[in-house]
1. Inspect all residues belonging to the range 53-65 and state whether any of them is over 22 Å from the mean Cα position of the chain (by Cα) and among the charged types (D, E, K, R).
2. Take the conditions at pLDDT 95 or above and touching a Ser or Thr at 6+ places or on another chain (Cβ under 8 Å) and apply them to Ser402. Does it pass?
3. Search the range 71-87 for residues that are under 12 Å from Phe276 (Cβ atoms) and pair each with any residue that is aromatic (Phe, Trp, Tyr) and surrounded by fewer than 24 Cβ atoms within 10 Å (Cβ to Cβ) when their beta-carbon atoms are under 8 Å apart and the residues are at least 6 apart or on different chains.
4. Collect the residues in the range 353-369 that are over 22 Å from Gln324 (Cα atoms), buried (at least 22 other Cβ atoms within 10 Å of the Cβ) and out of contact with any Lys or Arg (no Cβ under 9 Å at 6 or more places or on another chain), keeping them in residue-number order.
5. In the range 318-347, which residue that is hydroxyl-bearing (Ser, Thr, Tyr) and surrounded by fewer than 21 Cβ atoms within 10 Å (Cβ to Cβ) is farthest from Ile91 (Cα to Cα)?
Amino acid sequence: MRTLIKEILFADTHNYHGNVDDRFADLATQFSRLQDARSHQGGAALVVYFKGQKVVDIFTGKKSQNEAWQADTLSMCYSTGKGILATLTHILVSEGILDYDLPIAHYWPEFAQNGKQAITVRDVLSHQSGLFDIRNTIETATEMLDWSHMLDVMAAATPRFSAGQSFAYQPLTYGWIIGGVLEKAAKQPLSWLMQRYLVQPLELDGAYFGTPTSELGRVARLLEKPKSQSQAKPQAQKPQAARKASLSERLLELSGQSPQDFQDAMIPKGMRNFSFYSDAGLQAVIPAANGVFTANSLAKVYAMLANQGQWQGQQLIRPEVFKQLSTVQSKTRDRVMPIPMHWRLGYHRILTMGKRAPHGFGHVGFNGSGAWCDPERELSFAYTHNFNITSATGDYRLWGLSQETLRCADEILKGRKGWF
């Protein structure tokens, strides 16, 4: 911890490229402080829109071992993509192609198997479907590479509880269910729907569920840590001890949650043979977990949401639909996540270090990426990176950058930053 504090205090405060509105200069400084000491280990990007204008667009560090991060670098963002898939869903509801409250089986008859006849799109978007278990649904993680197969798996799956009876975050299953029902309702592939209803209207510079071969070169990859001499030497085999529960597992147990529910939702069997960062992992369609975006694309989608569904004269989401998507469905902690997430329809609350944004919403990813909007402040935010870290609720950099973004906006809107 002491080393970390020293790294932040003595960091280069201008270790980034790009453009910053002077009113958000403190945010750019904080971004640089948080990235500077580790910029040889990876890269990151930060984009903010305020009142419909881009006010921060900066990046730093390494995209790969031999390449610097660029303005158009794509990043694998894990669950941050759930918010983008949800946004596409709300646009299709606004277009009259989909209804939140009709059973999914209305569009996808095979989905009615094993007690799922009544499950609706609303149930899945708000994590009330009971379909959170991936570990006992497929035999090995490599099955996730096959989109058609996973739609069949979801159609045959059995919920762990009846729809509406409880809340349980669906870390992986969410994407195949929502993506599948969008395809069935619209009778078009998910990639086509993304292009037609999000990428083209918003002129996005990179947003994919299933990265095209032509775009793989733009994707930031994990940088392997150099092996130390002690790691390079062959080690004598030791008897394998029983695995101790991790800190997060112990905290889950202490809080009354079941670590088994967390594991069943988050960790398919055979993950040792699977990598989201491999070409195969990036090109697969796994919408809940392998969305690939530029920070600008994420922030622009949320800028449209910050403007309540409108963008440059286009009404992408109808007002009555926006009211539904932004309404909190539950403030209690669900069966999988360690903290209350205040689920909306496909989004959760903004996670900060004190600032409140009760009308704000977005989604974070397992690597600490994240994107959100606050319609009250007309503000949107996106942070992407390729550092090899994992966190179910975003790491301290994401929380801190979100906090400072809200503080900079409040100085403009209220004349003072404040901490809360």
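The values are calculated or read from the model by the stated rules, or taken from the named source; none is laboratory data. What you see is a predicted model; the values in this text were computed from it and never measured. FYI the Cβ positions are ideal-geometry reconstructions off the backbone, even for glycines, and counts take in every protein chain you see.
1. Looking through the range 53-65, none of the residues is over 22 Å from the mean Cα position of the chain (by Cα) and among the charged types (D, E, K, R).
2. Values: at pLDDT 95 or above: yes; touching a Ser or Thr at 6+ places or on another chain (Cβ under 8 Å): yes.
Answer is yes for this residue.
3. Met76/Phe276; Met76/Tyr277; Tyr78/Phe276; Tyr78/Phe366; Ser79/Phe366
4. Scanning the range 353-369 gives Asn367, Ser369.
5. Step one: filter the range 318-347 for residues hydroxyl-bearing (Ser, Thr, Tyr), giving 326-327, 330, 332, 347.
Still in the list and also surrounded by fewer than 21 Cβ atoms within 10 Å (Cβ to Cβ): 326-327, 330, 332.
Working: Ser326: 13, Thr327: 16, Ser330: 23, Thr332: 28 Å.
Here the residue is Thr332.
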